[in-house]
Amino acid sequence: MCVAVRDSCAPLLLCHGLSWPDSLDCDRFPADEDMCLASLSKEYKHIHKELPKPICQTCPAVEEFFTQKRVLDVFCANNFAVKVKLSKKRTVSGDQAYNIECQVEFINQAMASGTALIYDDEMTSYKLLWDDPECDIEVPERLLSSYEQLKHYHLVERCIHVPVREGTEEEIMLVHSSEYLEVVKSTQTMNEEELQRVSENYDAVYFHPNTYRCAKLAVGATLQLVDSVMSGKVCNGMALVRPPGHHSQRNAANGFCVFNNVAIAAQYAKRRYGLQRILIVDWDVHHGQGIQYVFEEDPSVLYFSWHRYEHQRFWPLLRESDYDAVGQGKGKGFNLNVPWNKVGMGNSDYLAAFFHVLLPVAFEFVPELILVSSGYDSGIGDPEGQMNATPECFAHLTHFLIQLANGRLCAVLEGGYHLKSLSESVCMTVKTLLRDPLPPISGEMAPCLSAIESIQNVRGAHKPYWKCLMYEEATPLHDLSTKSQQMMEAELIQTSTHPTAEQAVGTTKSDEAIKTDRFLESHMKKILSPVPPVKTAAAIVSKADAHLLPVSVQVEMEMNAQELKTVVSAFDAELVKEEKALLSLQNVLAVLDKILKKKVCNGIAESSVASVSTTFALKHCFDFGLQR
Ligand code: Q9C
Ligand code: ZN
């Protein structure tokens, strides 16, 4: 609970001779924060002006109502859902006097709706100025093509546009040192040669005169998103930013990252909103070691990352990216690493990691906010990741996550270097945040052996820290199925003297990229069937009850008798001779038919003869040509 809310309501309660309920924790905002006071000052004045003088001996009913409404308004304006019950009781002393009993019950932070989209093309204003094969995939087109595709699917206009701002020095210093900030600042005025020299001090980083400005915007965009979600303006959202953040560290840029946008956002959310549990999900294909370092000892931030690891042979080549880095000190158990020891991981492997590692732990953790380090280099076609997840996989990952934290999720772009794969995956994420129905996920649904081994090892390593893993039988596997193969490959590379090997890799890669382009073009058409115009249909027996349904539910008429005859053959007719059974069947088939014809997403039908209805429903599906 916020001090400002308490203070604004205090005069209200006081004038009724009441004090703030002791049971409410009122100090979740540090007193020196002015955010909430600012947003409330209008309300506060309003209260002072309009409230009856603090003598309520004769408090009439209308005034009680007024008071109640005021309290509610104040709380709701701040996104707190409360139940306020003011009841009037005559005092013993005299007929004219009342005691007002006040019960304030916090239900929860109110459920907001809407999706924020934060993007500014100014973040495309820096690029690599020299030749560096290590960095040449991190291009401005990454943002441009993602935003174009969002426009193409008409998703931009369905989102709430939130402007970017610069992150302040103070905000940047929630994670970074002032010395490092000064280094980055100094690159603004450097010439190419100087820029190149600074860049060389870091691993896989390039600076441009506009980098500093864009890095500040990337931080600010992320914080704008956090503010939009936490203030209840929206329920969730996505920030499309460059440069990415998850590799950068207190004193260092790293892996295209300058300021750690997501780590700063988590520190900011803790400070400003008094959050006690934040979940960071890093689905980028690289290990966000920068985030791990910031929160290693912090039990209030649960960090999950899966990453291409290949037994520490993949960048950033760190021992601490393995499954046994579980966190340190008080933070033990709050760092979850799923190292992928093979390339080619796909939808089933990612879902398995969610089902068996992230989701059980996250549900036990009960986060108040989710930040996603939303990199799409874990998607199909990406030259860095070499993985296989198709765009709709990200829809499903998003869908599972919004079941937590009241749906409060901020997705912040990290990597993603195959432009088509990146932009389709961004679109699937935003579509899901907007709560569009999900496309069915494609491909084989069993995880591969190597994925199972990694998953089993993280579960084993975290067994001491989470109840949901308490009964895990398996102990960490040391002889991984990929290990011997890995050794052989390493030897092969060492002994290989094939002169054209490098060239061959070069050509296959771009061919590969084009192949993925073509694949995605047809794949997306296949899976993105138009969204049915009606979400839910209902067929109910007594039409008089229709008014009890939410307005958005379309009430169906029963299937007409003529149509029904084609489903119920003369032989089967025996089964539905009774009028009641017939009506039930007509109801079920009416809804089913609409679903099959994609006129509605889902539905409910009232039936008194469920098994008979099911029999005919199945038959109708087969007739419709529905198969596995
Ligand atoms: N030969 C992000 O995705 N690659 N950063 C280094 C070493 C660096 C990735 C290759 C990849 C950085 C945000
Ligand atoms: Zn990455």
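The values are calculated or read from the model by the stated rules, or taken from the named source; none is laboratory data. Keep in mind that what you see is a predicted model, and the values were worked out from it rather than measured. All Cβ positions, even for glycine, are placed from backbone atoms using ideal geometry, and neighbour counts span all protein chains on display. Just the protein is used for accessible areas: all its heavy atoms, side chains included, with ligands, DNA and RNA removed. Shrake-Rupley method; radii C 1.70, N 1.55, O 1.52, S 1.80 Å.
Could you list all residues from segment 138-184 that are within 27 Å of D377 (Cβ to Cβ) and among the small types (G, A, S)?
Scanning segment 138-184 gives S145, S146, G167.
Take the residues of segment 269-320 that are within 26 Å of N388 (Cβ to Cβ) and among the aliphatic types (A, V, I, L, M): which is surrounded by the fewest Cβ atoms within 10 Å (Cβ to Cβ)?
Out of the qualifying residues, it is L317.
Do we find that R308 is modelled with pLDDT under 95 and basic (K, R) in this structure? Reasoning before the result, please.
Numbers: modelled with pLDDT under 95: no; basic (K, R): yes.
No: the conditions fail for R308.
Quick one: count up the residues across segment 374-411 that are under 18 Å from the mean Cα position of the chain (by Cα) and away from ligand 2 (no atom under 11 Å from the Cβ).
Initial filter on segment 374-411 (under 18 Å from the mean Cα position of the chain (by Cα)): 374-379, 389-411.
With the extra rule that they be away from ligand 2 (no atom under 11 Å from the Cβ), the set shrinks to 389-411.
The total comes to 23.
Which numbered condition in (1) under 24 Å from D436 (Cα atoms); (2) touching a residue at least 24 places away in the same chain (Cβ under 8 Å) is the only one that H620 fails?
Answer for H620: the failing condition is (1).
Please verify whether F334 is over 29 Å from L143 (Cα atoms), touching a residue at least 24 places away in the same chain (Cβ under 8 Å) and open to solvent by 10 Å² or more (accessible area, probe 1.4 Å), treating the condition exactly as stated. Reasoning before the result, please.
Numbers: over 29 Å from L143 (Cα atoms): yes; touching a residue at least 24 places away in the same chain (Cβ under 8 Å): yes; open to solvent by 10 Å² or more (accessible area, probe 1.4 Å): yes.
Taking the combined requirement at face value, the residue satisfies it.
Taking segment 415-446 as the search range and keeping residues that are hydroxyl-bearing (S, T, Y) and part of a loop (DSSP other than H, G, I, E, B), which one is surrounded by the fewest Cβ atoms within 10 Å (Cβ to Cβ)? Spell out the reasoning first.
Residues of segment 415-446 that are hydroxyl-bearing (S, T, Y), as a first pass: 417, 421, 423, 425, 429, 432, 442.
Restricting the remaining residues to those that are part of a loop (DSSP other than H, G, I, E, B) gives 417, 442.
Numbers: Y417: 23, S442: 14.
My answer is S442.
Given the structure, is A253 buried (at least 24 other Cβ atoms within 10 Å of the Cβ), away from ligand 2 (no atom under 16 Å from the Cβ) and in contact (Cβ under 8 Å) with a residue 12 or more places away in the chain?
Working: buried (at least 24 other Cβ atoms within 10 Å of the Cβ): yes; away from ligand 2 (no atom under 16 Å from the Cβ): no; in contact (Cβ under 8 Å) with a residue 12 or more places away in the chain: yes.
No.
Considering every residue within segment 266-274, establish whether at least one is aliphatic (A, V, I, L, M), touching a residue at least 24 places away in the same chain (Cβ under 8 Å) and within 16 Å of ligand 2 (Cβ to nearest atom). Spell out the reasoning first.
Here is the first cut: in segment 266-274, the ones aliphatic (A, V, I, L, M) are 266, 269.
Retained after the next criterion (residues that are touching a residue at least 24 places away in the same chain (Cβ under 8 Å)): 266, 269.
Checking the rest, the ones that are also within 16 Å of ligand 2 (Cβ to nearest atom) come to none.
Within segment 266-274 (the criterion being aliphatic (A, V, I, L, M), touching a residue at least 24 places away in the same chain (Cβ under 8 Å) and within 16 Å of ligand 2 (Cβ to nearest atom)), the answer is no, since none of the residues qualifies.
Mind checking which residues of segment 213-229 are open to solvent by 10 Å² or more (accessible area, probe 1.4 Å) and touching a helix residue (DSSP H, G or I) at 6+ places or on another chain (Cβ under 9 Å)? Break it down into steps so the answer makes sense when it comes.
Taking segment 213-229 and keeping what is open to solvent by 10 Å² or more (accessible area, probe 1.4 Å), we get 213, 216, 224, 227.
Correct list: R213, K216, D227.
Looking at segment 321-331, which of the residues that are more than 16 Å from ligand 2 (Cβ to nearest atom) and not acidic (D, E) is most open to solvent (accessible area, probe 1.4 Å)?
Across segment 321-331, the extreme among qualifying residues is K330.
Being hydroxyl-bearing (S, T, Y) and at pLDDT 95 or above narrows it down to one of S484, S421, S442, so name that one.
On the way: S484 fails: at pLDDT 95 or above; S442 fails: at pLDDT 95 or above.
Only one candidate qualifies: S421.
Quick check: is even one residue across segment 372-382 of a type in the set (F, W, Y), farther than 23 Å from V219 by Cβ, open to solvent by less than 30 Å² (accessible area, probe 1.4 Å) and in contact with a Gly (Cβ under 8 Å, 6 or more places away or on another chain)?
If we filter segment 372-382 for residues that are of a type in the set (F, W, Y), which is where we start, we get 376.
Then keep just the ones that are farther than 23 Å from V219 by Cβ; that gives none.
Scanning segment 372-382, I find no residue that is of a type in the set (F, W, Y), farther than 23 Å from V219 by Cβ, open to solvent by less than 30 Å² (accessible area, probe 1.4 Å) and in contact with a Gly (Cβ under 8 Å, 6 or more places away or on another chain), so the answer is no.
Looking only at segment 157-183, filter to residues that are under 25 Å from E296 (Cα atoms) and of a type in the set (V, I, T); which one of those is most open to solvent (accessible area, probe 1.4 Å)? Break it down stepwise before answering.
Keep residues of segment 157-183 that are under 25 Å from E296 (Cα atoms), which gives 167-181.
Of the ones still in play, those that are also of a type in the set (V, I, T) are 168, 172, 175.
Working: T168: 62, I172: 1, V175: 9 Å².
Looking at residues that are under 25 Å from E296 (Cα atoms) and of a type in the set (V, I, T), I get T168.
Can you tell me which condition L275 does not meet? The list is (1) closer than 23 Å to S177 by Cβ; (2) modelled with pLDDT under 95; (3) within 18 Å of the chain's Cα centre (by Cα), and all the others hold.
(1)
Among the listed residues V553, V568, which satisfies the condition of being out of contact with any Leu (no Cβ under 6 Å at 6 or more places or on another chain) and within 18 Å of A617 (Cβ to Cβ)?
Details: V553 fails: within 18 Å of A617 (Cβ to Cβ).
From the options V553, V568, the qualifying one is V568.
Among the residues of segment 424-460, write down those that are more than 16 Å from ligand 2 (Cβ to nearest atom) and under 17 Å from the mean Cα position of the chain (by Cα).
Start the filter on segment 424-460 by keeping residues that are more than 16 Å from ligand 2 (Cβ to nearest atom), which leaves 424, 427-428, 430-460.
E424, C427, M428, V430, K431, T432, L433, L434, R435, D436, P437, L438, listed by residue number.
Kindly indicate whether V412 is outside any helix (DSSP H, G or I) and either within 25 Å of C468 (Cβ to Cβ) or open to solvent by less than 10 Å² (accessible area, probe 1.4 Å) (or both).
Details: outside any helix (DSSP H, G or I): yes; either within 25 Å of C468 (Cβ to Cβ) or open to solvent by less than 10 Å² (accessible area, probe 1.4 Å) (or both): yes.
Judged against the criteria, V412 is a match.
Which one is nearest to ligand 1 (Cβ to nearest atom), of the residues in segment 357-371 that are closer than 24 Å to C448 by Cα and surrounded by fewer than 21 Cβ atoms within 10 Å (Cβ to Cβ)?
Among those that are closer than 24 Å to C448 by Cα and surrounded by fewer than 21 Cβ atoms within 10 Å (Cβ to Cβ), it is L359.
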